[in-house]
Amino acid sequence: MKVSVLFVCLGNICRSPTAHGLFQAYVNKACLSDEIFVDSAGTGAWHVGESPDKRAQSIALNKGYDISHLLGRQVEPDDFFKFDYILAMDTQNLHDLSNIKPAQSKCTLGLFLELANKESILNGILEVPDPFYGDAEHFEKAIQLIESGAKNLLAKIREEHDI
Ligand code: 4NP
């Protein structure tokens with residue numbers, strides 16, 4: 001593996017598994033699954049071992065992405081050494097991750113959309129808002145942001161790592 005990417009949100013049942021599933025689909029389509037390792041995790045532990053939220057699963061499936069096999073887990077200290085990129089869905093997640101990042105870790109820790117959209121028209125939209133307490137509209141907004149962000153992120157990583 002040349003590059004590893006960990007998507008992080010609060011519960012690891014809505015936004016980060018969606019980003020995980022979509023980004024993995026783009027990696028697979030580009031025949032780069034031997035080069036890029038993808039995973040997701042939550043800063044919280046409430047949903048460890050659980051499948052993604054049913055609403056996140058169905059909105060992803062509507063767009064052709066099956067994320068039903070993913071299982072929630074919590075971020076752990078080792079992640080800061082295993083992953084090249086740890087990408088947070090919102091500023092609270094980023095804050096929480098910064099607080100537990102070991103000083104020796106060399107990973108790139110940042111906001112998913114900030115890193116992904118730097119050169120895009122979506123530059124300025126920095127967060128994927130938490131849809132958990134929202135309705136279908138909030139899940140739709142989240143997957144739209146994740147879809148374009150994940151595509152941009154793959155292009156950026158391919159360029160940076162020459163793959
Ligand atoms: P996520 O959404 O961080 O996108 O997975 C949430 C899921 C669960 C909770 C909060 C946000 N929760 O409070 O249980």
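The values are calculated or read from the model by the stated rules, or taken from the named source; none is laboratory data. The structure displayed is predicted, hence computed values, not measured ones. Here the Cβ is made from the backbone with ideal geometry for all residues, glycine too, and neighbour counts use every protein chain on show. These accessible areas exclude ligands, DNA and RNA; they are computed on the full protein's heavy atoms, side chains included. Shrake-Rupley method; radii C 1.70, N 1.55, O 1.52, S 1.80 Å.
Here are the numbers:
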{"quantity": "Hits in the range 53-98 (condition: part of a loop (DSSP other than H, G, I, E, B) and among the aromatic types (Phe, Trp, Tyr))", "calculated": "65, 83"}
{"quantity": "Count of residues meeting criterion [surrounded by 15 or more Cβ atoms within 10 Å (Cβ to Cβ) and within 16 Å of the ligand (Cβ to nearest atom)] in the range 121-139", "calculated": "9"}
{"quantity": "Within the range 1-54, tally of residues that are open to solvent by 30 Å² or more (accessible area, probe 1.4 Å), under 22 Å from residue 115 (Cα atoms) and of a type in the set (Val, Ile, Thr)", "calculated": "1"}
{"quantity": "Residue selected from the range 99-120 under the condition within 16 Å of the ligand (Cβ to nearest atom) and not in a strand (DSSP E or B), by the criterion surrounded by the most Cβ atoms within 10 Å (Cβ to Cβ)", "calculated": "112"}
{"quantity": "Count - residues of the range 121-141 that are in contact with a helix residue (DSSP H, G or I) (Cβ under 6 Å, 6 or more places away or on another chain) and either in contact (Cβ under 8 Å) with a residue 60 or more places away in the chain or in a helix (DSSP H, G or I) (or both)", "calculated": "3"}
{"quantity": "Options 52, 17; residue that is near the ligand (Cβ under 9 Å from one of its atoms) and free of Cβ contacts under 8 Å to residues at least 40 places away in the same chain", "calculated": "52"}
